[in-house]
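Student: Got a structure for you, questions after.
The values are calculated or read from the model by the stated rules, or taken from the named source; none is laboratory data. Every value quoted in this text rests on a predicted model; they were computed, and no experiment measured them. Reconstructed Cβ throughout: ideal geometry from the backbone, glycine too, with neighbour counts over all protein chains shown. To get the accessible areas, we keep the full protein, side chains included, count just its heavy atoms, and leave off ligands, DNA and RNA. Shrake-Rupley method; radii C 1.70, N 1.55, O 1.52, S 1.80 Å.
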Amino acid sequence: MSWSTDRAVAPSILSADFARLGAQVAEIMAVGARVIHVDVMDGHFVVPISFGPVAVSALADQVHAAGGVIDVHLMIERPERQIPDFLSAGADGITVHYEATPHVHYALAMIREGGARAGLALCPATPAMVWEECAGTLDLLLCMSVNPGWGNQELIPHSYAKLARLRERLGPEIGLEVDGGVHAATAPKVSAAGANLLVAGSAVFGATDPGAAFRELERSAWES
Ligand code: DX5
Ligand code: ZN
């Protein structure tokens, strides 16, 4: 899979039913999901605590056997301290927040040296172009379209223009992922603004039929 050019909806397991996580992941992979988004929260960088490397290693074999990748989004302070554990757990891509460490360049290089795709996430208030100093060590830019920490929030409208500005400057080697408030009505707009990876939590796992919701999101993003 190409993180920079493939178009995909990436279901976030944050909104899944953890009592039957494996079955929920199997359900969406059966209808074509190949990028599984894992939201890691530490109770410091963001208020909630979610889960850590154990959740990644619990899913890694299943996701890889079905031809998918695990897209880890670290909403944690000083992510460079935790990157080795997520690499060992089977992460295929790891995204760190620009706001979470003074050592962004070092963290991105560490991810790449560990054999994974390196992503940089920007909160809504962070200027779009801060990634430029890390251009040579970056595979993916994750544009937060809500304030990180919680699922099921409304997309902040200024995200569309920010995505477009990012897409214009990132170049073909760097993928553009959008995260937060993506559902059937907003998916075509973030796609039109240039995002190629669309994270969706509540719009997939909050639906009565997650598989059908996933397919509808892909259809609305790229076929309408
Ligand atoms: C928010 C997380 C998101 C979240 C998205 O902090 O990074 O990945 O799961 O949830 P929805 O799609 O419900 O906005
Ligand atoms: Zn996320």
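Student: How large is the charge dipole for segment 8-222, taken about the Cα centre, if only the Cβ atoms of Lys, Arg (+1) and Asp, Glu (-1) carry charge, to the nearest 20 debye?
Tutor: Value, rounded to 20: 360 debye.
Student: So for the pair Tyr106, Ala26, with labels modelled 7 Å out along Cα→Cβ, what separation do we get in nm?
Tutor: In this crude spin-label approximation the distance works out to 4.3 nm.
Student: Need one word for segment 1-137: rounded, prolate or oblate. Basis is the Cα gyration tensor (sqrt eigenvalues a ≥ b ≥ c); a/c below 1.5 gives rounded, then a/b vs b/c decides.
Tutor: Taking the square roots of the gyration eigenvalues as a ≥ b ≥ c, segment 1-137 is prolate.
Student: Which one of Val38, Pro127, Leu141 is farthest out on the positive end of the charge dipole of segment 33-148, using unit charges on Cβ (Lys, Arg +1; Asp, Glu -1) and the Cα centre as origin?
Tutor: My answer, from the dipole projection, is Val38.
Student: Springs between alpha-carbon pairs under 10 angstrom, Gaussian network model over the chain: which of Val104, Val46, Val56 fluctuates most?
Tutor: Looking only at Val104, Val46, Val56, the biggest GNM fluctuation is shown by Val46.
Student: Among Leu87, Leu141, what's the order by accessible area (1.4 angstrom probe), most exposed first?
Tutor: Ranked from most to least accessible, the order is Leu87, Leu141.
Student: Still on this structure: What size of dipole, in debye to the nearest 20, comes out for segment 116-224 about its Cα centre when the only charges are +1 on Lys and Arg C-beta atoms and -1 on Asp and Glu C-beta atoms?
Tutor: Computed charge dipole of segment 116-224: roughly 160 debye.
Student: Cα centroid distance between segment 59-134 and segment 21-46, in Å?
Tutor: What the calculation gives is 15 Å, centre to centre.
Student: Only sites in a loop by DSSP and with at most 15 other Cβ atoms within 10 Å count here; which GluC sites (Glu not before Pro) in segment 126-224 make the cut?
Tutor: Glu154, Glu173, Glu223
Student: I've got another one for you. Could you look at the chain and say what percent of its accessible area is carbon and sulfur, using a 1.4 Å probe and all protein chains?
Tutor: On the chain, the fraction of accessible area on carbon and sulfur atoms equals 52 percent.
Student: Sticking with this one: Give the ranking of Ser159, Ser88 by solvent-accessible surface, highest area first, calculated with a 1.4 Å probe.
Tutor: Ser88, Ser159
Student: Another question, then. Probe of 1.4 angstrom, ligands and nucleic acids ignored: what's the accessible area per residue over segment 98-224, in square angstrom?
Tutor: Roughly 43 Å² per residue, with all protein chains present.
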